[in-house]
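Chemist: Below you'll find the structure I mean.
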Amino acid sequence: MDDTTGEITPTILVHGGAWAMPDETELAETNVGGVKAAVKVGYEVLVNGGSAVDAVESAVRCLEDNPVFNAGHGSVLNSLKEVEMDAVIMEGDHLNAGAVACVQNIANPDSLARLVMDKTDHVLLVGQGANMFATEMGVPSVPMETLVTPNAVKRREEMKTYNQAIKKQYEIRKIDEAVPVQTGHDTVGAVALDSKGNVAFATSTGGINAKRPGRVGDSPLIGSGGYCDNRVGAVSTTGHGEAIMKVIQHKKHLIKLYST
Ligand code: ASP
């Protein structure tokens, strides 16, 4: 908010996951460049009068299309070496939300989540049902190969099991321990505030390397993969889904305990 005019300054924040930026300059540059490109796309929407929810959808689409990130094109591979994606979107005015989980053959899962929000009475559609809904909405089904990158294949070779992936990507180390190079967890997300004061968030991911088919992480769950409310703000999360889901439930339980 501008203190002199009382006008709200449209704002967008984008993330491409949380991880130690790779040492390779080229890789670091493509990551930062990808995030900046998405910010630009989302910001354009906002300055042209678009809503916060339109802005986060556009920004996340841009990241899903970018093979550098673990979402859409570039998603990690599950134990069957297939792509299964989770995505969510929410607006903070009426708290409308939509999400998809375990969805396959979709280039932009976050836009499918938006359609769940706008066109159904539901919040979350999974697997076959989500794909059936996509067909109904005229969202094209794309061959899985078009979502798979050489880097995803390499990472899957390096991390043969889910446990290896967790150890390599999320293990907490003692503060004085040398931090080995992380291969990264690069789920994507965005939060935005539009000129009307509405906030929104979106999160999209391929999940975690070598996960079981059918595994759903925190990302598509409201309150775990993010949250937004005009009265509070907006957040999009990334990290080890199983750990995040447990902590969020624990916190909700505590809040309930203290408020009764
Ligand atoms: N939260 C994602 C999941 O567990 C992965 C990530 O953000 O790194 O599927």
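Chemist: For the stretch 161-172, indicate whether the set of residues that are surrounded by 13 or more Cβ atoms within 10 Å (Cβ to Cβ) and modelled with pLDDT of 95 or more is non-empty. Please lay out each step first, then the result.
Modeler: Taking the stretch 161-172 and keeping what is surrounded by 13 or more Cβ atoms within 10 Å (Cβ to Cβ), we get 162, 164-166, 168-170.
Add one more test, that the residue is modelled with pLDDT of 95 or more, and what stays is none.
Within the stretch 161-172 (the criterion being surrounded by 13 or more Cβ atoms within 10 Å (Cβ to Cβ) and modelled with pLDDT of 95 or more), the answer is no, since none of the residues qualifies.
Chemist: Being buried (at least 21 other Cβ atoms within 10 Å of the Cβ), away from the ligand (no atom under 13 Å from the Cβ) and under 20 Å from Val103 (Cβ atoms), is that true of even one residue in the stretch 205-216?
Modeler: no
Chemist: So Pro220 clears everything in (1) at pLDDT 95 or above; (2) within 15 Å of the ligand (Cβ to nearest atom); (3) more than 18 Å from Glu84 (Cα to Cα); (4) not charged (D, E, K, R) except one condition, right? Which one?
Modeler: It is condition (3) that Pro220 fails.
Chemist: Filter the stretch 113-129 down to the residues that are touching a helix residue (DSSP H, G or I) at 6+ places or on another chain (Cβ under 9 Å) and either at pLDDT below 95 or more than 15 Å from Leu221 (Cα to Cα) (or both) and list them by number. Outline the logic, then answer.
Modeler: The initial filter retains those residues of the stretch 113-129 that are touching a helix residue (DSSP H, G or I) at 6+ places or on another chain (Cβ under 9 Å), namely 113-117, 119-120, 122-125.
Within the stretch 113-129, Leu115, Lys119, Thr120 qualify.
Chemist: Here is a further query. Please work out if Glu64 is assigned to a helix (DSSP H, G or I), within 24 Å of Asn151 (Cβ to Cβ), away from the ligand (no atom under 16 Å from the Cβ) and of a type outside the set (A, V, I, L, M, F, W, C). Walk me through how you get there before you give the answer.
Modeler: Details: assigned to a helix (DSSP H, G or I): yes; within 24 Å of Asn151 (Cβ to Cβ): yes; away from the ligand (no atom under 16 Å from the Cβ): no; of a type outside the set (A, V, I, L, M, F, W, C): yes.
Answer is no for this residue.
Chemist: If you don't mind, there's one more thing I want to ask. Considering only residues that are assigned to a strand (DSSP E or B) and either surrounded by 20 or more Cβ atoms within 10 Å (Cβ to Cβ) or small (Gly, Ala, Ser) (or both), which ones fall in the stretch 125-138?
Modeler: The first filter runs over the stretch 125-138 and keeps only residues assigned to a strand (DSSP E or B), leaving 125-126.
Of everything in the stretch 125-138, just one residue is assigned to a strand (DSSP E or B) and either surrounded by 20 or more Cβ atoms within 10 Å (Cβ to Cβ) or small (Gly, Ala, Ser) (or both), namely Leu125.
Chemist: For the stretch 30-38, check the following and say yes or no: at least one residue is more than 16 Å from the ligand (Cβ to nearest atom), within 19 Å of Leu221 (Cα to Cα) and among the aliphatic types (A, V, I, L, M).
Modeler: no
Chemist: Considering only residues that are surrounded by fewer than 24 Cβ atoms within 10 Å (Cβ to Cβ) and farther than 24 Å from Lys154 by Cα, which ones fall in the stretch 81-96?
Modeler: Answer for the stretch 81-96, where residues must be surrounded by fewer than 24 Cβ atoms within 10 Å (Cβ to Cβ) and farther than 24 Å from Lys154 by Cα: Asp93, His94, Leu95, Asn96.
The values are calculated or read from the model by the stated rules, or taken from the named source; none is laboratory data. Bear in mind the structure is a predicted one, so any value in this text is a computation, not a measurement. Reconstructed Cβ throughout: ideal geometry from the backbone, glycine too, with neighbour counts over all protein chains shown.
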